[in-house]
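Colleague: Before I ask anything, here is the structure I am working with.
The values are calculated or read from the model by the stated rules, or taken from the named source; none is laboratory data. Please read all numbers here as calculations on a predicted model, not as lab measurements. Here the Cβ positions follow ideal geometry from the backbone for every residue, glycine too, while neighbour counts run over all protein chains shown.
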Amino acid sequence: MRKRLTIADLKKMKQEKNRISMLTAYDYPAAKLAEEAGIDIILVGDSLGNVVLGYDTTIPVTLEDMIYHTRAVARGAVHTFIVTDMPFMTYGIGRESTLRNAARIMQEGGAHALKLEGGTEIAAEVSALVKAGIPVMGHIGLTPQSVHQLSGYKVQREARKLMEDAKALEEAGAFAVVLEMVTEPIAESITKELSIPVIGIGAGRSCDGQVLVYHDILQYSSPYISKKFVKTYADIGTTIRDAIESYVHDVKTEAFPAESNVFGAAKQETTEHLYGGGRSSDGEAKAKDESEKEAASRDFVQNYS
């Protein structure tokens, strides 16, 4: 049986240069398949807002959304380390509120760790979460929850600020950091500087691990928009569309259901009973039971009168 990785295992993987694989999942079947494929970490990302719920950004995603999807993932991947995003405005709003919201995701959702976007500005809350016993993964670079403030999805190039943020998260107790859309030289410097794992998405080849979105590597969307930092491994979207088109065609042409898809009656009386004709075997048994009860009652009266 596969053993779930721990924070200590992940740090050892960095030291041994054993690359960490991380993939998003948002439901039971995706989580189960990812676990069966040997993924190291599953991220229940607030990217579900884009790829599952149909939003333009992750900002509308709620705490209840994240708890609901984490619960489904946890049922599907019982032997995999699960990290869940804290959604927009559920942290960075005061220590008590952050702790309360984090506790709900851990207790109700079943996550093993949480991911928060931001650097120096949220370091104090990261520290509070860690002290409360909640493992935290940081996320810097392109932070989708701040997409409007960042003026869009752009490659991040401010080396000094990114290094400060990474070090602040490490000092606050984060066990790992995600670097998103960062130039490769900056990502390489940060990876070498930190003692905790650095997991990249669009951050080049020097990171300790990589994370991608489930729907991106499978082209599970319509239309699929290619991304420079993504490698696709299958075209599930086209496969699903073609399959549904075939089903529609079969229904229209009466090719489905075929003889092999229907249930035939074992006996003629089965059909009669289905439509109320005759007396069913259940009805006969019930009538017999009632007759026996009446006979027993008469015997009782005769014997004791």
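Colleague: Please enumerate the residues belonging to the range 1-19 that are exposed (fewer than 15 other Cβ atoms within 10 Å of the Cβ), of a type in the set (A, V, I, L, M) and either part of a strand (DSSP E or B) or at pLDDT 95 or above (or both).
Modeller: Residue satisfying the conditions is Ala8 alone.
Colleague: I'd like to check something: does the range 88-95 contain any residue that is touching a Ser or Thr at 6+ places or on another chain (Cβ under 9 Å), modelled with pLDDT of 95 or more, closer than 27 Å to Ala159 by Cβ and part of a strand (DSSP E or B)?
Modeller: no
Colleague: Still on this structure: State whether the residues of the range 170-181 include one that is touching a His at 6+ places or on another chain (Cβ under 8 Å) and over 24 Å from Lys12 (Cβ atoms).
Modeller: Checking the range 170-181: at least one residue is touching a His at 6+ places or on another chain (Cβ under 8 Å) and over 24 Å from Lys12 (Cβ atoms).
Colleague: Something else about it: With respect to Glu184, determine if the residue is acidic (Asp, Glu), touching a residue at least 12 places away in the same chain (Cβ under 8 Å) and closer than 26 Å to Ala8 by Cα.
Modeller: Against the criterion (acidic (Asp, Glu), touching a residue at least 12 places away in the same chain (Cβ under 8 Å) and closer than 26 Å to Ala8 by Cα), Glu184 does not qualify.
Colleague: In addition: Met22 fails exactly one of the following numbered conditions: (1) in contact with an Asp or Glu (Cβ under 6 Å, 6 or more places away or on another chain); (2) in a strand (DSSP E or B). What is the number of that condition?
Modeller: (1)
Colleague: Please find, within the range 47-63, the residue that is farthest from Met89 (Cα to Cα) out of those that are out of contact with any Lys or Arg (no Cβ under 9 Å at 6 or more places or on another chain) and part of a helix (DSSP H, G or I).
Modeller: The residue in question is Val51.
Colleague: Determine whether the range 68-81 contains at least one residue that is at pLDDT below 95, over 19 Å from Val178 (Cα atoms) and of a type in the set (A, V, I, L, M, F, W, C).
Modeller: Here is the first cut: in the range 68-81, the ones at pLDDT below 95 are none.
There is no residue in the range 68-81 that is at pLDDT below 95, over 19 Å from Val178 (Cα atoms) and of a type in the set (A, V, I, L, M, F, W, C).
Colleague: OK, next. I'd like to verify a number: residues in the range 88-127 that are of a type outside the set (Val, Ile, Thr) and under 30 Å from Arg2 (Cα atoms), how many?
Modeller: Of the residues in that region, 14 qualify.
Colleague: Let me ask another. Return the residues of the range 214-231 that are assigned to a loop (DSSP other than H, G, I, E, B) and either in contact (Cβ under 8 Å) with a residue 40 or more places away in the chain or not aliphatic (A, V, I, L, M) (or both); say none if nothing qualifies.
Modeller: Gln219, Tyr220, Ser221, Ser222, Pro223, Tyr224, Ser226, Lys227, Lys228, Phe229, Lys231
Colleague: Next up: Hey, any hits in the range 154-174 for a residue that's in the same structural domain as Ile201 (by TED's automatic domain parsing), buried (at least 22 other Cβ atoms within 10 Å of the Cβ) and in a strand (DSSP E or B)?
Modeller: no
Colleague: While we're here: Among the residues of the range 132-180, how many are touching a Gly at 6+ places or on another chain (Cβ under 6 Å) and at pLDDT 95 or above?
Modeller: 8
Colleague: I've got another one for you. Keeping to the range 50-81, report how many residues are hydroxyl-bearing (Ser, Thr, Tyr) and within 12 Å of the chain's Cα centre (by Cα).
Modeller: 3
Colleague: Any residue at all in the range 182-190 that's under 27 Å from the mean Cα position of the chain (by Cα), of a type outside the set (S, T, N, Q), within 19 Å of Ala123 (Cα to Cα) and not in a loop (DSSP other than H, G, I, E, B)?
Modeller: no
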